[in-house]
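Student: Got a structure here, written out as structure tokens. Questions coming.
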Amino acid sequence: MTSTADDPARRAEAVRERHRTTLGAVPAGVEARLGLALAHGRLHTEEALAELRHIVLTDNALGGRVQQLVHFGQLLALGRADPARIHARGALHAGADIADLIGVAETALITAGVPAYALGIETVVELAGAGAEAEAQAGAGGESGAGAGVEARVEGAAGRRL
């Protein structure tokens, strides 16, 4: 019998679970990195990265919600659209709401200019639209899952004036 420590599939799943806990999902980039790591015997690198992320995110006075909002803002300032979207969803997963995301986008306007603000508002509009679509699906007998708490926060804010 193989122990968990020797089972690469279980070890990779533990890395995925850390992302689910933090972000509510496993980003596509993480899945791609895990696939490459598994194929080339480099899983220990992904495990070390996940451990460092866990330490920095959980052993920090900011807490999960603020951490995700900070990440969102930093990524807006850097113009990194896809990672910014991941962390905006992560912020919602951690208890933020649409008003928090708008606040971050407005702060990015001051610190990084109109492109960062525009990216932030574009992200908020996408998330609010996704929330409205999820609400429509739920009303039509759609499914609810682990992301229902995030969707509920987005749904509740979807009708707000953006």
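The values are calculated or read from the model by the stated rules, or taken from the named source; none is laboratory data. It should be emphasised that the depicted structure is a prediction, and the values quoted were computed from it without experimental measurement. Cβ atoms come from the backbone with ideal geometry, glycine included; neighbour counts cover every protein chain shown. Note: areas computed on protein heavy atoms with side chains; ligands, DNA, RNA excluded. Shrake-Rupley method; radii C 1.70, N 1.55, O 1.52, S 1.80 Å.
Student: Within segment 33-59, restricting attention to residues that are open to solvent by 60 Å² or more (accessible area, probe 1.4 Å) and either of a type in the set (S, T, N, Q) or touching a Leu at 6+ places or on another chain (Cβ under 8 Å) (or both), which residue is nearest to Val104 (Cα to Cα)?
Tutor: Only one residue tops the list, namely Thr58.
Student: Let me ask another. Give Val104, Val124, Val66 a once-over and let me know the one that is surrounded by fewer than 17 Cβ atoms within 10 Å (Cβ to Cβ) and over 30 Å from Arg10 (Cβ atoms).
Tutor: None of the others qualify; the one that does is Val66.
Student: I need the full set of residues from segment 73-85 which are buried (at least 21 other Cβ atoms within 10 Å of the Cβ) and not hydrophobic (A, V, I, L, M, F, W, C), in order please.
Tutor: Gly73
Student: Let me ask something else about it. Determine whether segment 119-126 contains at least one residue that is in a loop (DSSP other than H, G, I, E, B) and touching a residue at least 40 places away in the same chain (Cβ under 8 Å).
Tutor: Going residue by residue through segment 119-126, those that are in a loop (DSSP other than H, G, I, E, B) are none.
Scanning segment 119-126, I find no residue that is in a loop (DSSP other than H, G, I, E, B) and touching a residue at least 40 places away in the same chain (Cβ under 8 Å), so the answer is no.
Student: Look at segment 86-101 and say how many of its residues are over 18 Å from Ala25 (Cα atoms) and open to solvent by 10 Å² or more (accessible area, probe 1.4 Å). Even if it seems obvious, please write down each step before you answer.
Tutor: Quick first cut of segment 86-101, residues over 18 Å from Ala25 (Cα atoms) only: 98-101.
Imposing the further condition that a residue be open to solvent by 10 Å² or more (accessible area, probe 1.4 Å) reduces the set to 99-100.
Qualifying residue count, segment 86-101: 2.
Student: Cβ-Cβ distance below 8 Å, separation of 6 or more or different chains: which pairs start in segment 16-41 with a residue that is charged (D, E, K, R) and end on one that is at pLDDT below 95 and open to solvent by 70 Å² or more (accessible area, probe 1.4 Å)?
Tutor: Arg18/His54; Arg20/Ala146
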